[in-house]
1. Given Leu176, Leu161, Leu215, which one is crowded, with 16+ Cβ neighbours inside 10 Å and out of contact with any helix residue (DSSP H, G or I) (no Cβ under 9 Å at 6 or more places or on another chain)?
2. Which residue out of Ile86, Ile94 is under 23 Å from Ile178 (Cα atoms), aliphatic (A, V, I, L, M) and touching a Pro at 6+ places or on another chain (Cβ under 7 Å)?
3. For Gly60, work out the one condition from (1) assigned to a helix (DSSP H, G or I); (2) more than 30 Å from Glu122 (Cβ to Cβ) it doesn't fulfil.
4. Taking segment 68-99 only, how many residues are in a helix (DSSP H, G or I), within 23 Å of Asn22 (Cβ to Cβ) and in contact (Cβ under 8 Å) with a residue 40 or more places away in the chain?
5. Collect the residues in segment 21-38 that are in contact with a Gly (Cβ under 8 Å, 6 or more places away or on another chain) and surrounded by 14 or more Cβ atoms within 10 Å (Cβ to Cβ), keeping them in residue-number order.
6. Conditions first: (1) hydrophobic (A, V, I, L, M, F, W, C); (2) within 17 Å of the chain's Cα centre (by Cα); (3) assigned to a helix (DSSP H, G or I). Ala103 passes all but one, so which condition is the exception?
7. Of everything in segment 9-20 that's assigned to a strand (DSSP E or B) and not small (Gly, Ala, Ser), which residue is surrounded by the fewest Cβ atoms within 10 Å (Cβ to Cβ)?
8. Taking strands (runs of 3 or more DSSP E) that do not extend beyond segment 110-216, which have at least 3 residues that are at pLDDT below 95?
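The values are calculated or read from the model by the stated rules, or taken from the named source; none is laboratory data. The model shown is predicted, which means the values in this text are computed figures rather than measured ones. Glycine also receives a Cβ, built like all others from the backbone with ideal geometry; neighbour counts cover every protein chain displayed.
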Amino acid sequence: MLKRKNLVFLGAPGAGKGTISNLLLAKHPLAHISTGDILRAEVAAGTEAGKKAGAIMKAGKLVPDELVADMVSRRLTAPDCENGFILDGFPRTIPQADLLAAALAKLGRSLDRVIYFKVPEEVLIQRLTARLCCRGCDAIYNKLFMPPKVEGKCDKCGGELYQRADDSLETAQNRLKIFREQTAPLVEYYEKRGQLFTAAGEDSADILKQILADLE
């Protein structure tokens, strides 16, 4: 049983938050919440917030923090969140963290732990530039973790594998730069509040072991 169940996963792109989420969810009935999933669900459902967000995104603009926080707040009232949750991708900035704290307070809840995935930048770069896609069936591979059986060829359809422009070194470096500028300050923010736990390393099994030792 987990003693701490209301969680935020914090880490740079490529840090392994999704992988660890899946491993943790296989053992514990937590709700995995990402802002991307929430936005898509609200837009698809045609809610008032979804209509607003859809129009904003269609115009190529960022959805305001207040609107995202409102959607997250409603999502946290769903029955599957009663046993705890993992927030992945929100908050990304200190203003968003303040909005989340206010939303949780209104719900009579609080964060039990913010887990920071600390991974060396050279490893992050490797991971972010290792994805391959199939031109034929859009299957996705990873040079490091899930390589194709035959180099350059899709296991499923035999199609040519290629690297997308958004998986380039330049894009990876830019994504990490944005993380350092906008999201990394949350490490100190939550550390000051006594809510931060740092899981350091590269091996998923070891990271999960560290996290469970803190949460159980």
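1. Working: Leu176 fails: out of contact with any helix residue (DSSP H, G or I) (no Cβ under 9 Å at 6 or more places or on another chain); Leu215 fails: out of contact with any helix residue (DSSP H, G or I) (no Cβ under 9 Å at 6 or more places or on another chain).
None of the other options fit; the residue is Leu161.
2. Details: Ile86 fails: touching a Pro at 6+ places or on another chain (Cβ under 7 Å).
After applying the criteria, what remains is Ile94.
3. So the condition that Gly60 fails would be (1).
4. Summing the residues that are in a helix (DSSP H, G or I), within 23 Å of Asn22 (Cβ to Cβ) and in contact (Cβ under 8 Å) with a residue 40 or more places away in the chain in segment 68-99 gives 3.
5. His28, Leu30, Ala31, Ser34, Thr35, listed by residue number.
6. The number of the failed condition is (2).
7. To start, the set of residues in segment 9-20 that are assigned to a strand (DSSP E or B) comprises 9-11.
In the following step, the residues that additionally are not small (Gly, Ala, Ser) were identified as 9-10.
Working: Phe9: 25, Leu10: 28.
Per the criteria, the residue is Phe9.
8. Details: elements: 113-118, 131-134, 140-142, 196-200.
Answer list for segment 110-216: 131-134, 140-142.
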